[in-house]
Amino acid sequence: MQDRKATSQSGENGRQDRGKDPDTDSGRQQQTRSQYQVRQVTNYQASWAETEPGEEGKFTLQLILDNGVEEYILDTDSDDLEVMLKLLRKSSYTTFDLKRRVLMFSNIDAK
């Protein structure tokens, strides 16, 4: 995923916006960009680990983001893991917001 800066100053219907301070607009864009730290999930690995004998095990889902630029590990229970794995398989493009810790699935057929 590439970070692209908005270069157009066109307003509604392609008209030039007048009276806007480009420095203020740039500051707002930068602030908005810093609020979201979204990365593409390019791979994932589900794991189960034994804890103590007789205790329930621990499930994790490791997200590989932007081909290994970052990784994030989600601790989850078996029910949530099952749903997440189904959504990951059905999603053609999945992203993860590191700041808000939100997994987002795109282009899922609603049938």
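The values are calculated or read from the model by the stated rules, or taken from the named source; none is laboratory data. For clarity, every value in this text was computed on a predicted model and none was experimentally measured. Reconstructed Cβ throughout: ideal geometry from the backbone, glycine too, with neighbour counts over all protein chains shown.
Below is a table of values for the structure above.
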read-out: Positions within the range 48-69 being of a type outside the set (D, E, K, R), more than 24 Å from residue 102 (Cβ to Cβ) and not in a strand (DSSP E or B), in sequence order; value: 51, 53, 54, 57
read-out: Filter pass, residue 30 being assigned to a helix (DSSP H, G or I) and either at pLDDT below 85 or over 24 Å from the mean Cα position of the chain (by Cα) (or both); value: yes
read-out: Residues (aliphatic (A, V, I, L, M) and surrounded by 14 or more Cβ atoms within 10 Å (Cβ to Cβ)) located in the range 88-107; value: 88, 98, 103, 104
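Table: residues versus (1) within 19 Å of residue 46 (Cβ to Cβ); (2) outside any helix (DSSP H, G or I); (3) among the small types (Gly, Ala, Ser).
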position: 74; (1), (2), (3): yes, yes, no
position: 85; (1), (2), (3): yes, no, no
position: 96; (1), (2), (3): yes, yes, no
position: 100; (1), (2), (3): no, yes, no
